[in-house]
Amino acid sequence: MPTPRTALAPFGASLPNRSRRPSISRLREAKRAAYLFIHMDDLSQLPAIAEPWFLALNASIDVAPVMTPEDLMKAAPAVEQAVKAYG
């Protein structure tokens with residue numbers, strides 16, 4: 001049986017150094033939960049980050065994308081088009 005330290009070792013490697021952000025641990029639906037804030041340049045990076053959690057801990061994840069103000073500025077033309085088409 002692995003110790004907590006050896007069981008969690010893959011997770012440090014799965015998070016790119018430049019993407020480390022504050023994390024929060026708490027209970028969610030009576031289960032231990034961790035909230036990680038990770039910058040990804042592309043959604044294709046998600047499997048490399050998430051897979052160690054699945055394999056080592058049989059974990060489940062919820063992903064909620066967040067946009068920066070710069071992202072919103074880039075998206076403005078698409079938002080305007082959507083408002084014109086569907087608003």
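The values are calculated or read from the model by the stated rules, or taken from the named source; none is laboratory data. Because the structure is a prediction, the values reported are computed rather than measured. For neighbour counting, all protein chains shown are included, and Cβ atoms are generated from backbone atoms with ideal geometry for every residue, glycine included.
The C-beta contact set for the range 52-68 (first residue farther than 17 Å from residue 38 by Cβ, second residue assigned to a loop (DSSP other than H, G, I, E, B), distance under 9 angstrom, 6+ apart or interchain) comprises 56/2.
Those residues that are of a type in the set (S, T, N, Q) and assigned to a loop (DSSP other than H, G, I, E, B), I need them from the range 25-75; list them, please. The answer is 58, 60, 68.
You will find that of 80, 29, 70, 51, the residue that is exposed (fewer than 10 other Cβ atoms within 10 Å of the Cβ) and modelled with pLDDT of 80 or more is 70 and no other.
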